[in-house]
Amino acid sequence: MAVSDATAPAVTARPTGFASYLFTHGAWFLAFGLQMVLFPYLVRVILREDEIRFGLAQMCLQLPTVLLILVGGFVADRSDTRRTVILGCAVSGLAFAVLGVCVTAGQLSYGLVIGYALSIGTIGAFVGPARDSLLTRVAPGGVQQAVTFASLAQFAAQILGMGIATLAPLLGIPALLFGQGGLMVAAAAAATGIRPRPAGPHRIREGSVLRFMAGEIGGGISAALASPVILPVIVCATGMGMCFMGAFAVLLPLIVQNYFPADLSGHARTEIAQALGIFNLLFWLGSTISAMALARFGHVRRKGIVYLCALATGALVLLACSIAMPFWLLCGLNFVWGLGGGVAMTLGRGLVQQYAPPDKMARIISIFTLGLMGGAPAGAVFYGVLAHAIGPRSAILVPGAMMLVIVGSVAAFSRLRHLDEVNPAQI
């Protein structure tokens, strides 16, 4: 088991460009906060695709991460992670700009959207592990504190992105897409200012590249499975992918769209993008508030039980969303879910970074991310088909109930709930 923040050796005082890291991290999530609103809008409102094809499009946005994230973790552990982040931000900016050109020219098609989704998902599979593994090498203090600040930057940036998306009726969709592209160029420039501390020595390759890579990935999996902390967190992250991410990407946007007449046309259709922006913004506002509370109150002694309670809150919110209610009340529930989500996302990733062996950090983070993202593509398709058959409000009962079962099982059959960092021997 890796040492905790309390027992970890002090980091050097040499400047590491942590501010540059936070800007790059935040800019990435600001752009993708915009994408959370614009992507459903392009597929459902501009292209008018049905629930099934909408689910397939969301799957394509997430599928490359599932297929490539372990490779991304292997590459991050054996390459210049800063260079990977710079290149990934620059190429993402190009993808956003190309999509903006196509929308401006009236050439948007379902095939183009699928190609864009696969491209962005592939970039994310390599940038994510590289960016996350950099965090421990630029942290000016303890790991959990650095994770909390990174989470705050992420949540605040996503709020800003979705807040900007609510201006779609005023700014227009093409301007927002071009703005995403420019923002990613700025992120790439900021990443050049990151000065990470040296990584540990890499194991010398023996035998073929594929066999060596398989052995390295297998070593990361073995370390994750052997940890009484990391393994149950990965199980919960897998549940979040299957239940929460699919519902957030497919079912909740469909529920929001149902508040508007089906025959909206022209400029009036941008009101749907505005509503989606407000709805998503409230989730991330709740996440930011809870992450700020974690940063304000500092050390959480019983991280395991707090993490599980936060996940259970999200499951109960999904069950409540099946009830017909005014739009303002639905937004309020999403805000409550965000409060729990900020705690769950900050503590979950923090526990993985805190207890992962340093020489396997990126690989274990990629396994955690695979768990988080692994169920999302299948969930997006499944929930799209289910919503088409029984409606999104009825369909959302399924992920809510599934997540409650997963959280209850982890609480009952693992020792995560006993995690006490004052008395670590109990775990």
Qualifying position, being in a loop (DSSP other than H, G, I, E, B) and touching a residue at least 40 places away in the same chain (Cβ under 8 Å), among Leu108, Leu135, Leu94: Leu108
State whether the residues of segment 60-83 include one that is buried (at least 17 other Cβ atoms within 10 Å of the Cβ) and at pLDDT 90 or above. no
Please verify whether Val398 is within 28 Å of Val75 (Cα to Cα) and part of a helix (DSSP H, G or I), treating the condition exactly as stated. no
Run down Leu183, Leu152 and say which single residue is at pLDDT 90 or above and of a type outside the set (Gly, Ala, Ser). Leu183
Quick check: anything in segment 11-27 closer than 30 Å to Leu251 by Cα, within 18 Å of the chain's Cα centre (by Cα), modelled with pLDDT under 85 and part of a helix (DSSP H, G or I)? no
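Filtering segment 152-185 down to residues that are outside any helix (DSSP H, G or I) and at negative phi, which residue is surrounded by the fewest Cβ atoms within 10 Å (Cβ to Cβ)? Even if it seems obvious, please write down each step before you answer.
Here is the first cut: in segment 152-185, the residues outside any helix (DSSP H, G or I) are 166-167, 172.
Filter once more, so that each one left must be at negative phi: 166-167.
On the way: Thr166: 20, Leu167: 15.
Checking each candidate, the answer is Leu167.
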Restricting to segment 34-61, name every residue that is under 23 Å from the mean Cα position of the chain (by Cα) and among the basic types (Lys, Arg). Arg44, Arg53
Segment 186-209, residues that are modelled with pLDDT under 70 and in a helix (DSSP H, G or I): Val209
All but one of (1) of a type outside the set (Lys, Arg); (2) more than 30 Å from Leu56 (Cα to Cα); (3) at pLDDT 80 or above hold for Pro232; state the number of the condition that does not hold. (2)
Those residues of segment 255-286 which are at pLDDT 80 or above and farther than 14 Å from Asn334 by Cβ amount to Gln257, Asn258, Phe260
Gly371 vs. criteria in contact with a Ser or Thr (Cβ under 6 Å, 6 or more places away or on another chain) and closer than 25 Å to Ser290 by Cα: yes
Return a yes/no flag: does segment 132-141 have any residue that is modelled with pLDDT of 85 or more, among the charged types (D, E, K, R) and touching a helix residue (DSSP H, G or I) at 6+ places or on another chain (Cβ under 6 Å). no
Could you say whether any residue in segment 210-227 is in a helix (DSSP H, G or I), among the charged types (D, E, K, R) and either at pLDDT 80 or above or under 25 Å from Ala157 (Cβ atoms) (or both)? no
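The values are calculated or read from the model by the stated rules, or taken from the named source; none is laboratory data. For clarity, every value in this text was computed on a predicted model and none was experimentally measured. We place every Cβ from the backbone using ideal geometry, glycine too, and count neighbours over all the protein chains shown.
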